[in-house]
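Reading through the structure tokens given below for one structure.
The values are calculated or read from the model by the stated rules, or taken from the named source; none is laboratory data. The shown structure was predicted, so the numbers you read here are calculated from the model rather than taken from an experiment. When we count neighbours, we look across all protein chains shown, and the Cβ atoms used for this are built from the backbone with ideal geometry, even at glycine.
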Amino acid sequence: MVKRVIDMTDKLFYKDVRGSEFEAVVTDCKKTENGYEIILDRTYFYPEGGGQPADNGTIGNAFVSDVQDVNGDVVHYTDKAFDVGEQVHGKVDMLRRHTLMQQHSGEHIVSGLIHNKFGYDNVGFHMGSECITIDFNGVLTADDLADIEKRANDVIYEDFEPTIFYPSKEELDRLEYRSKKELEGDVRIVSFGSCDTCACCGLHVVRTGEIGLIKITGFQKYKGGTRVTMLAGRQAYEDCAVKDRLNHAISGMLSAKPYDIQSAVERLMKERNEIKEQLVETKKKLFALKRDCIDKDVKCAVLFEDDMEPFDMRVLTETILEKIPSAAVLSGNEENGYKYCIGSATADVQAFVKEANKMLNGRGGGRGNMAQGSFAAKASDIERCIRNGMD
């Protein structure tokens, strides 16, 4: 085993968050089950931490799939090995890095503004590939979040530099800052002016203007508080661009201007509901006609209908039971099976349905005098079974 050359990695990413390419010396290389663990004497690769995912990129011709801080050393997980003492060229995927910084800085701004206005703490935070989720220990409304979103974008427009510093213990004791846990040793503080001051080991934009845009895309009640979904930077722009294209496409379908879509959809829904009501009335009349066509002396009516939905089958069954003691409505075919609705005006049908399911390879049931399910059998066998059991 080759002895390590040096003990700690020089973390260049804290000195220059825009740095992407660098020369370094390999100080350790270990084979793992899925590849190799590479330690360098210096690196721009940010390791996962502070809620921020790790950088990706390349070292030489090896892909860096993950980066972790292990006892002060930055461990790069690669698909190729290197010799200890070898000089290598590293290159960080800066599009990914900058996108993550936009997201992280945007989260700080939103969390800080909510904390300042409502006193709520960020008690959970996840930076995913599609969005950021933040959990707050208090209830927030749509109006609350609309105001926070506006304020967050005002911070972007101010285009100022966030301040990053390491206060002394005495200074830290006097400082008001957000933190999820008690901290010891050197504490890295990231401050976005008056809107947020927080302990954080992550990377952030050099100026707030780099974030570009913050959009709060959703919220829901969660563990007595509120889970907020948001986007920042490129992801926020891409989301808005997709929604804008959809908005224009829908406006074209509705022959309405983009800003008039809501009223156009409301009008369309009103028309749809009126048509549904008319359809319900038409079906009632049709079902009444079917009922009236059945001889009043029939004890059990069995009807096979084409493409009838379970709800309509139940309504038709109930309509028939207004005239005769028992009824069964079925819909389907022998290849795919038949849905059924079986009912009685006076008796419990559950015992019969249980036996019918056994005989006709069926499934389903219900309560009291009504049951619904399906049979996998021939129509003639189904009708015979029902008439023998219900007549």
* Please work out which residue is nearest to D196 (Cα to Cα), limiting yourself to the range 110-129 and to residues that are touching a helix residue (DSSP H, G or I) at 6+ places or on another chain (Cβ under 9 Å) and part of a strand (DSSP E or B). => N122
* Asked: in contact (Cβ under 8 Å) with a residue 40 or more places away in the chain, in a helix (DSSP H, G or I) and surrounded by 15 or more Cβ atoms within 10 Å (Cβ to Cβ) - does that describe any residue in the range 14-36?
  -> no
* Structure fact -> Taking the range 137-158 and the residues there that are touching a Gly at 6+ places or on another chain (Cβ under 8 Å) and either small (G, A, S) or assigned to a helix (DSSP H, G or I) (or both), the one that is nearest to K221 (Cα to Cα) would be G138
* Residue check: is E21 among the acidic types (D, E), at pLDDT 95 or above and over 30 Å from L145 (Cα atoms)? -> yes
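Have a look at S344, S374, S326, S331 and point out the one that is in contact with a Pro (Cβ under 7 Å, 6 or more places away or on another chain), polar (S, T, N, Q) and surrounded by 17 or more Cβ atoms within 10 Å (Cβ to Cβ).
Working: S374 fails: in contact with a Pro (Cβ under 7 Å, 6 or more places away or on another chain); S326 fails: in contact with a Pro (Cβ under 7 Å, 6 or more places away or on another chain); S331 fails: in contact with a Pro (Cβ under 7 Å, 6 or more places away or on another chain).
Of S344, S374, S326, S331, the one residue that is in contact with a Pro (Cβ under 7 Å, 6 or more places away or on another chain), polar (S, T, N, Q) and surrounded by 17 or more Cβ atoms within 10 Å (Cβ to Cβ) is S344.
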* To do: Write out, first by first residue and then by second, each pair whose Cβ atoms fall under 8 Å of each other, whose residues are 6+ apart or on separate chains, and whose first residue, in the range 289-300, is without any contact (Cβ under 8 Å) to a residue 40 or more places away in the chain while the second is basic (K, R).
  => R291/K323; D292/K323; I294/K323; K296/K323
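Tell me the residue from E161, E170 that is charged (D, E, K, R), over 26 Å from the mean Cα position of the chain (by Cα) and part of a helix (DSSP H, G or I), please.
Values: E161 fails: part of a helix (DSSP H, G or I).
E170 is the lone residue from the list that is charged (D, E, K, R), over 26 Å from the mean Cα position of the chain (by Cα) and part of a helix (DSSP H, G or I).
Condition (residue is out of contact with any Ser or Thr (no Cβ under 9 Å at 6 or more places or on another chain), crowded, with 21+ Cβ neighbours inside 10 Å and closer than 20 Å to F118 by Cα) applied to the range 207-214: is it met by at least one residue?
Within the range 207-214, the first condition is being out of contact with any Ser or Thr (no Cβ under 9 Å at 6 or more places or on another chain), and the residues that meet it are 207, 209, 212-214.
Remaining after also requiring crowded, with 21+ Cβ neighbours inside 10 Å: 214.
Next cut, closer than 20 Å to F118 by Cα only: 214.
Within the range 207-214 (the criterion being out of contact with any Ser or Thr (no Cβ under 9 Å at 6 or more places or on another chain), crowded, with 21+ Cβ neighbours inside 10 Å and closer than 20 Å to F118 by Cα), the answer is yes, since at least one residue qualifies.
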* Asked: How do the pairs read when you match residues in the range 113-138 that are under 17 Å from T229 (Cβ atoms) and in the same structural domain as R227 (by TED's automatic domain parsing) with residues anywhere that are in a loop (DSSP other than H, G, I, E, B) and among the polar types (S, T, N, Q), using Cβ under 6 Å and keeping only pairs 6 or more apart or on different chains?
  -> Y120/N137; V123/N137
